[in-house]
Amino acid sequence: MENKPLGEILEDRFAYLFSPELLYALEQVGELRRIKAGQVIMEPGNPLAFMPFILDGAIKVMREEKNGHELLLYYLESGDTCAMSLICCMGVKKSKVKAEAEEDSLLLMVPIKYLEEWICKFPEWRAYIFDMVRVRLDEFIETIDSLAFMNMEERLMKYLRDKVRVTGKTELETTHQEIAEDMNSSRVVISRLMKKLESEGHIHQHRNRVEVVTF
DNA sequence: ACATTAAGTGATT
DNA sequence: AATCACTTAATGT
């Protein structure tokens with residue numbers, strides 16, 4: 001995890017995208033937040049006061065049902081910001097999703113009032129925001145595709161692939177139960193599919209740990 | 001040694 | 001693909 005001053009971190013992440021003026025503005029109004037893995041940072045219904053920039057780590061964004069059922073929608077990674085908070089500016093004031101840190105993460109919280117202000121002020125900001133909305137929308141389509149057209153086995157492979165990408169590790173510390181919850185499936189179904197993937201040589205299994213080999 | 005939690009399995013819908 | 005009921009295996013106290 002980064003331990004440098006904010007200015008340098010922003011420089012590292014956004015220098016190629018943003019002008020020095022915008023970087024400076026971000027540094028002035030942004031508030032740095034360190035989040036521990038597993039920490040819930042947004043619940044459905046909560047008002048959105050900030051747009052979070054992911055400087056380091058990864059955030060998992062989920063849809064949540066009242067009775068506790070969840071579904072993983074997508075991950076936010078370094079350099080990303082949340083589409084929910086962008087749409088917030090256009091009228092929706094409350095979150096429709098739950099967000100939880102997948103790993104220890106570093107966020108820059110920018111009050112949402114600057115979102116609109118900077119769109120007029122900084123052309124590169126406008127381009128970045130529009131691009132973010134596009135990327136998130138693409139991701140949404142991908143999620144819908146997987147729900148509508150893929151069977152459980154394909155969904156599970158996509159899940160494991162995404163998790164490997166986001167964590168940067170091929171050793172995933174997770175249980176069949178947790179995977180089932182993320183995918184809104186049942187543990188038994190996941191266990192059977194995991195066993196199949198193992199027999200095909202895609203993964204190695206241990207207690208509380210999955211080793212992804214051929215993805 | 002015992003309790004708890006994770007993972008495997010057959011049968012049924 | 002989900003659920004039930006049960007077994008087996010791994011881990012912590």
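Evaluate region A:160-167: report whether one residue or more is of a type outside the set (S, T, N, Q), under 21 Å from A:Tyr75 (Cβ atoms), touching a strand residue (DSSP E or B) at 6+ places or on another chain (Cβ under 9 Å) and within 12 Å of DNA strand B (Cβ to nearest atom). Write out each step before concluding.
Applying the first criterion (of a type outside the set (S, T, N, Q)) to region A:160-167 yields A:160-166.
Filter again for under 21 Å from A:Tyr75 (Cβ atoms), leaving A:160-166.
The next check asks that each one be touching a strand residue (DSSP E or B) at 6+ places or on another chain (Cβ under 9 Å); those that pass are A:160-166.
Filter once more, so that each one left must be within 12 Å of DNA strand B (Cβ to nearest atom): none.
No: zero hits.
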Worksheet entry | Residues of region A:168-179 that turn out to be at pLDDT 95 or above and within 15 Å of the chain's Cα centre (by Cα), as a count | 0
Practice prompt. Any chance you could count how many residues in region A:196-215 are within 11 Å of DNA strand B (Cβ to nearest atom) and touching a helix residue (DSSP H, G or I) at 6+ places or on another chain (Cβ under 8 Å)?
Written response: 6
Discussion item. Being at pLDDT 90 or above, within 21 Å of A:Val166 (Cβ to Cβ) and among the aliphatic types (A, V, I, L, M) narrows it down to one residue among A:Met84, A:Met51; which is it?
Written reply: A:Met51
Item to complete: Give me the pairs, please: first residue somewhere in region A:133-155 and under 11 Å from A:Leu73 (Cβ atoms), second residue anywhere and within 16 Å of DNA strand C (Cβ to nearest atom) and not in a helix (DSSP H, G or I), beta-carbon distance under 9 Å, and either six or more positions apart or on two chains.
Response: A:Thr143/A:Leu71; A:Thr143/A:Leu72; A:Leu147/A:Leu71
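Going through region A:137-159 one residue at a time, which ones are of a type in the set (Phe, Trp, Tyr) and either loosely packed, with under 12 Cβ neighbours inside 10 Å or within 16 Å of DNA strand B (Cβ to nearest atom) (or both)? Step through it out loud before you land on a result.
To start, the set of residues in region A:137-159 that are of a type in the set (Phe, Trp, Tyr) comprises A:140, A:149, A:159.
Within region A:137-159, A:Phe149, A:Tyr159 meet the criteria.
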Practice prompt. Go through region A:1-73 and tell me which strands (runs of 3 or more DSSP E), entirely inside it, have 2 or more residues that are under 15 Å from the mean Cα position of the chain (by Cα), β-branched (Val, Ile, Thr) and buried (at least 19 other Cβ atoms within 10 Å of the Cβ).
Written response: A:58-64
Item to complete: Looking for whichever is over 21 Å from A:Lys60 (Cβ atoms) and within 13 Å of DNA strand C (Cβ to nearest atom) here; the options are A:Leu197, A:Leu147, A:Leu193, A:Leu156. Which one fits?
Response: A:Leu197
Worksheet item: For region A:159-190, what are the residues that are more than 11 Å from DNA strand C (Cβ to nearest atom), assigned to a loop (DSSP other than H, G, I, E, B) and of a type in the set (S, T, N, Q)?
Response: A:Thr170, A:Thr174, A:Thr175
Discussion item. Of everything in region A:97-116, what is acidic (Asp, Glu) and surrounded by 13 or more Cβ atoms within 10 Å (Cβ to Cβ)? Give them in sequence order.
Written reply: A:Glu100, A:Glu102, A:Glu103, A:Asp104
Worksheet item: Scanning for something in contact (Cβ under 8 Å) with a residue 24 or more places away in the chain, in contact with a Ser or Thr (Cβ under 8 Å, 6 or more places away or on another chain) and away from DNA strand B (no atom under 16 Å from the Cβ), does region A:170-184 turn up at least one residue?
Response: no
Worksheet entry | Residues of region A:74-96 satisfying the condition of being closer than 20 Å to A:Leu147 by Cα and surrounded by 17 or more Cβ atoms within 10 Å (Cβ to Cβ) | A:Tyr74, A:Tyr75, A:Leu76
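The values are calculated or read from the model by the stated rules, or taken from the named source; none is laboratory data. Please read these numbers as outputs of a predicted model, since none were measured by experiment. So basically every Cβ, Gly included, is an ideal-geometry build from the backbone, and we count neighbours across all protein chains shown.
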